[in-house]
Amino acid sequence: MDELKLKSATQFAEKLVKDAGLQFPIDILSIAQERNILVAAKPASSKGVSGMLIRSGNDFAIAYATHIKSEGFQRFSIAHELGHYFLDGHPEEVFRNGATMHESKAGFGTVDQIELEADHFAAGLHMPSHLFNAATAKFSDGLEAVQGLAKLCNTSLTAAAIRYAELAEAAVAIVLSHGQTVDYCFSSESMRRIKGYRHLKKGVLLPKNTTTSNFNKHPENIASGLEMSDSTDPSIWFHIDDEIDSSEEVIGLGEYGRTLTVITAEIPDEDEEN
Ligand SMILES: [Zn+2]
């Protein structure tokens, strides 16, 4: 994976938003309209396909899937396709060998470089750092911030959570899981800097007896979008040495079939020491 190219994909999208002077929620369709890109809803031909970029000569169109009803997910899918239109080398790659259509699986579930770049572009477009950081400051750390930001940016909770973990100053981690399995985890820089921190890897089992582990034993919790929270010991998640007061907030993601966990560690503020 080329981390530098992922970063520049995000930055490219952020610049588009800045140059157009857009505010939250970012008007994704206006960006497409300005380039005469037609955007239309379309039932997906196969499950798992989030959207398509279609080319006819120099004309482009985007079709986005509607099998997941969330507007946030659909907006992310459109932005992902815009990434294939805007990013350096993408049109050449997705329309290789005379192809006229590219099918995507948006949403950070892939290891394909070109798809990941489009996901990073989509995150940067919906949640550019120059607007996102200022907005984050208005909320309490943790799930409240994730929910508030998702609403403000009109994105899915998952997309907002990933971006939050990437940009937050607080020591936070977000974990996506299903059953007793960790799908993936993202931690903020301050979390990763805590002594002894070890990353929770994709595919491992959830730590036992945690709120998340117990929550996931009841599928109806996920389907109904239930919320639960408790204190947690960060050492069982990340092998952190110090005892740091931490909270574990859990929410079921409904039809997405997954659970979002936000772990927030209360690191004593150095500025307040004297
Ligand atoms: Zn794609």
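Applied to segment 14-31, the Karplus parametrisation 6.51 cos²θ - 1.76 cosθ + 1.60 on θ = phi - 60° returns per-residue 3J(HN,Hα) values of 4, 5, 4, 5, 4, 4, 7, x, 7, 10, 5, x, 4, 7, 4, 5, 5, 5 Hz, with x for Gly and Pro. Beyond 34 Å, the tail of the calculated P(r) for the chain holds 21 percent of the Cα pairs. If you bin all the Cα-Cα distances of segment 128-219 at 10 Å, starting from zero, the percentages per bin are 17, 43, 33, 7.
Across segment 111-118, rounded Karplus estimates of 3J(HN,Hα) from the backbone phi angles (6.51 cos²θ - 1.76 cosθ + 1.60, θ = phi - 60°) give 10, 6, 3, 5, 5, 4, 4, 5 Hz, Gly and Pro being marked x.
In Å, what Kirkwood hydrodynamic radius results for segment 3-126 from the alpha-carbon pair distances?
Taking every pair of different Cα atoms in segment 3-126, averaging 1/r and inverting gives 14.3 Å.
Relative contact order of segment 18-122, taken over Cα pairs closer than 8 Å and 6 or more residues apart, is 25 percent. The Cα atoms of segment 119-158 give a gyration tensor whose axes a ≥ b ≥ c have a/c of 1.5 or more with a/b no greater than b/c, which makes the shape oblate.
Taking the average, over residues, of other Cβ atoms within 10 Å as the packing measure, peptides 132-138, 95-101 rank 132-138, 95-101 from highest down. Helix 143-153 axis versus longest C-alpha principal axis of the chain: approximately 20°, rounded to the nearest ten. Only aspartates and glutamates eight or more places from LYS18 in sequence, or on another chain, were considered; those with a Cα closer than 17 Å are ASP27, GLU34. Rounded to the nearest whole Hz, the Karplus-based 3J(HN,Hα) values (6.51 cos²θ - 1.76 cosθ + 1.60, θ = phi - 60°) of segment 233-247 follow the sequence 9, x, 5, 6, 8, 10, 6, 5, 6, 5, 7, 10, 4, 9, 10, with x at glycine and proline.
Per-peptide packing, taken as the mean over residues of other Cβ atoms within 10 Å, places 22-31, 215-224 in the sequence 22-31, 215-224 from highest down. So which of LYS69/LYS208; LYS5/LYS201; LYS15/LYS69; LYS42/LYS69; LYS151/LYS217; LYS42/LYS105 end up more than 21 Å apart by C-alpha? Table pairs above 21 Å Cα-Cα are LYS69/LYS208; LYS5/LYS201; LYS15/LYS69; LYS151/LYS217.
A short reminder: the numbers here are calculations on the coordinates, not readings from a lab. Bear in mind that the values here come from a model prediction, so they are computed numbers and not experimental data. Cβ atoms come from the backbone with ideal geometry, glycine included; neighbour counts cover every protein chain shown.
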